[in-house]
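Below is one structure; the comments refer to it alone.
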Amino acid sequence: MITEWLGPLMFVVAFALIFSGYPVAFSLAGTALLFSVIGAAAGVFDFAMLYGFPARVMGIMDNFVLLAVPFFIFMGTVLEKSKLAEDLLTTMGSLFGTMRGGLALSVVVVGTLLAAATGVVGASVVAMGLISLPVMLRYGYSEELSAGVICASGTLGQIVPPSVVLVVLADQLGVSVGDLFIGSLLPGLMLAGMFGAYVLLVAWLRPEIAPALPPEAREHHGLALLGRVVMVMIPPLVLILLVLGSIFVGVATPTEAGALGALGALGLAALNGRLTVQAVRGALDETTTLTSMVMILLVGSTLFALVFRGLEGDVWIQELLTSLPGGTVGLLVVANLVVFGLGFFIDFFEIAFIVLPLLVPAATALGIDLVWFGVLLGMNLQASFLTPPFGFSLFYLRGVAPEHMSTGAIYRGVVPFIGIQLLGLMLVVLFPELVTYWLT
């Protein structure tokens with residue numbers, strides 16, 4: 001009967017609207033309302049289910065875990081507005097610049113620190129694009145390597161805690177944010193190490209595309225450089241240890257740690273003499289915009305899930321995923337292929353709110369560790385920032401790159417790093433201990 005296919009058809013219509021360019025939150029909510037009417041007319045949907053929608057929205061508003069989202073966004077934007085990234089990049093450039101590939105390696109190091117200190121991908125990519133890209137190109141780095149390492153290092157904010165994406169994933173998976181932070185720490189650092197190893201390998205094999213800086217290009221030398229490194233590195237490291245340490249030892253919840261991080265970011269900006277009204281206003285504006293986007297998406301996806309469940313689409317999805325050939329392996333393959341494929345076209349928040357509610361029941365039924373599953377999907381979602389044509393890191397860099405740098409050069413530059421991310425994903429699949437070791 002056609003009524004049996006209303007759930008799958010609803011899924012298809014929602015994606016058709018999304019890929020047409022219509023806003024995702026309204027695509028989901030509009031599709032839900034349309035199919036609630038169709039389902040009621042066909043006698044397979046009870047309008048009374050919609051009475052539960054206000055209660056679900058209030059549940060979102062009362063969700064203490066999601067309160068961490070604006071705190072971590074605010075922390076990151078304050079640090080970005082206070083020029084922390086600029087200080088780190090110039091100092092690390094002086095420290096590593098005289099070795100082959102040193103500038104690119106400094107971008108990886110700074111990207112990792114910014115990931116742990118801010119967790120905001122856009123701020124990291126834009127800052128490194130504005131500061132490091134002109135210097136790398138001026139001293140003979142290839143456009144492809146420069147673009148690739150900046151985009152890839154900027155995306156580390158997706159998997160290295162504290163990450164807004166991990167907070168959202170934990171909420172959707174129904175697991176502890178702290179556990180997801182702990183589980184993602186080692187894979188995130190492993191990925192950063194793989195990026196650094198690739199840069200050094202390229203510099204060794206092809207020194208002409210990753211040359212060393214001449215000594216006169218260094219801004220600081222000797223003890224002055226050492227003092228500069230200490231002064232620039234200590235404040236963000238202290239902030240990172242306060243935020244993550246309070247979560248890991250159980251002193252604070254992620255939301256409380258996020259509030260502490262936001263306060264700490266304001267304190268660092270004040271100590272640097274950069275806590276201006278303009279900086280705070282800019283951070284508040286960006287925090288409000290991003291948080292509103294997340295909340296509206298969550299409301300739209302909640303209505304979609306409610307109607308989808310009323311049409312028994314969730315039963316269809318679970319039966320489909322749990323009956324795949326290979327059982328658990330089959331689900332992991334399909335889930336990662338779907339997430340990776342969608343990453344070419346839509347944003348990571350949209351993937352999390354649409355796809356995860358469909359995958360979690362099947363993963364639970366098959367006995368998959370949801371924390372490990374969350375880290376796996378987090379690394380996969382991270383790749384969505386790099387995959388053309390709609391990878392957000394590519395757009396961020398394109399917006400600040402010189403006009404002579406082609407979009408094709410940016411796309412070509414990220415290809416090796418996408419491969420590295422997929423390799424890291426495979427290592428997490430093969431060695432779950434990378435996630436679970438610190439949890440035991």
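We did not get these values from a lab; they are worked out from the coordinates using the rules stated. None of the values given here were measured: they were computed from a predicted structure. Using ideal geometry, Cβ is built from the backbone for each residue, glycine included, and neighbour counts are taken over all protein chains shown.
Using helices alone, what [θ] at 222 nm do you get for the chain, with -39,500 (n - 2.57) per DSSP H run of 4 or more residues, divided over all residues and rounded to the nearest 500?
Rounded to the nearest 500, it is -24500 deg cm²/dmol.
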May I ask for the angle, rounded to the nearest 10°, between helix 121-138 and the longest principal axis of the chain, with both axes built from Cα atoms and the value confined to 0 to 90°? 40
Placing +1 on the Cβ of each Lys and Arg and -1 on the Cβ of each Asp and Glu in the chain, which of Gly419, Phe47, Gly21 has its Cα farthest towards the positive end of the resulting dipole? Gly419
Hey, what did the chain get for relative contact order, percent, Cα under 8 Å, at least 6 apart? 26
Where nothing but the Cβ of Lys and Arg (+1) and of Asp and Glu (-1) is charged, how large is the charge dipole of the chain around its Cα centre, in debye to the nearest 20? 880
So what's the angle, to the nearest 10 degrees on a 0 to 90 scale, between helix 164-173 and the longest Cα principal axis of the chain? 30
Over all distinct Cα pairs, what is the inverse of the mean 1/r for segment 288-440, reported as the Kirkwood hydrodynamic radius in Å? 17.2
More than 26 angstrom separation, counting every C-alpha pair in the chain; what % is that? 57
Ascending count of other beta-carbon atoms within 10 Å, so fewest first, for Thr288, Thr91, Thr322: Thr288, Thr322, Thr91
Using Cα centres only, tell me the gap between segment 240-258 and segment 360-418 in whole Å. 27
Determine the dipole magnitude for segment 294-440: charges of +1 sit on the beta-carbon of Lys and Arg, -1 on that of Asp and Glu, nothing else is charged, the reference point is the Cα centre, and the result goes in debye to the nearest 20. 300
Grab the Cα-Cα distance for Thr276 and Val338, subtract it from 0.36 nm times how many residues apart they are, and report the gain in nm with one decimal. 17.9 nm
How do 191-203, 36-48 rank on mean C-beta neighbours within 10 Å, highest first? 191-203, 36-48
What does the C-alpha gyration tensor say about the overall shape of segment 228-287? Classify as rounded when a/c is under 1.5, otherwise prolate if a/b is larger than b/c, or oblate. oblate
Tilt, helix 84-96 to longest principal axis of the chain (alpha-carbon atoms), in degrees rounded to tens, equals 50
Quarter of Cα convex hull surface for segment 34-162, i.e. mean projection, nm²: 11.5
